[in-house]
Amino acid sequence: MTKFTHDFLAAAVKHGLLSTAYGLRNGVHYGVKIRAPHALVMTLLFKSNQPIRKNFESILKMTFVHARNLGGFVLIYKGLLALGRTAHAISGTPLLTPPGTPAEAWHALLAGWVGGMMIWAKHSSVNEQIVMYLFSRILVGLAKLL
């Protein structure tokens, strides 16, 4: 292996690891940022007759589940994209896409499917809400294609 190839692969692996770590951090941050206010409002509206401690525990649990699931999905998704880019580079095929994006379009589809099956397939009220949101986004995207 030439020095150029070695340096290129090392940079690709480093970028993939950093992208995956940042994605995990951002997924957890966004999960907390979105779910905590939502859970607080919903709890105040619909569970105001329950003890404050129980409401607080419910808010924390829903926030934790949302943050964990978003972070886990991004970790799997970005990790698989980085793996795909590295495998693509090792195979000798030139990378025509910028770093942080899939080497091939089907890499994103496969990474999203694997991440979705591993994270969103588990039954919980939080996951149901996220899956409904994602489904609506897919329908809007399909409608724009037509």
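The values are calculated or read from the model by the stated rules, or taken from the named source; none is laboratory data. No experiment lies behind these values; they were computed from the predicted model shown. With ideal geometry, Cβ positions are generated from the backbone for all residues, glycine too; neighbour counts draw on all protein chains shown. The accessibility values were calculated without ligands, DNA or RNA, using every heavy atom of the protein model including side chains. Shrake-Rupley method; radii C 1.70, N 1.55, O 1.52, S 1.80 Å.
In the chain, what percent of the accessible surface is made up of carbon and sulfur (1.4 Å probe, ligands and nucleic acids excluded)?
With neighbouring chains kept in place, the figure for the chain is 73 percent.
How many nm separate the modelled label positions at ILE90 and LEU18, each set 7 Å beyond the Cα in the direction of the Cβ?
Roughly 2.2 nm, to one decimal.
Would you mind giving the average projected area, over all directions, of the Cα convex hull of the chain in nm² with one decimal?
On the way: hull surface 43.7 nm².
Over all viewing directions, the chain projects a mean Cα-hull area of 10.9 nm².
Rounded to the nearest 500, what is the 222 nm mean residue ellipticity of the chain from helices alone, with -39500 (n - 2.57) per DSSP H run of 4+ residues and division by all residues?
So the calculated ellipticity at 222 nm is -29500 deg cm²/dmol.
To the nearest 20 debye, what charge dipole does the chain have about its Cα centre, counting +1 at the Cβ of each Lys and Arg and -1 at the Cβ of each Asp and Glu?
440
Positive end of the dipole of the chain, charges at C-beta (+1 Lys, Arg; -1 Asp, Glu), about the Cα centre: which of ALA111, ASN49, LEU83 has its Cα farthest in that direction?
ASN49
Using a Förster distance of 35 angstrom, determine the FRET efficiency expected from the C-beta separation of LEU40 and ALA143, and round it to 0.05.
Computed FRET efficiency for LEU40 and ALA143 comes out at 0.60.
If you take the beta carbon distance between SER136 and ARG53 as r and set R0 to 25 Å, what does 1/(1 + (r/R0)^6) give as a FRET efficiency, to the nearest 0.05?
Efficiency for this residue pair is about 0.10.
Run the numbers for MET118 and TYR30: contour at 0.36 nm per residue of separation, minus the present Cα-Cα distance, in nm.
Between MET118 and TYR30, full extension yields 29.7 nm more.
Of the cross-linked pairs LYS54/LYS78; LYS122/LYS144; LYS33/LYS54, which ones have a Cα-Cα span greater than 25 Å in the structure shown?
Correct reply: LYS54/LYS78; LYS122/LYS144.
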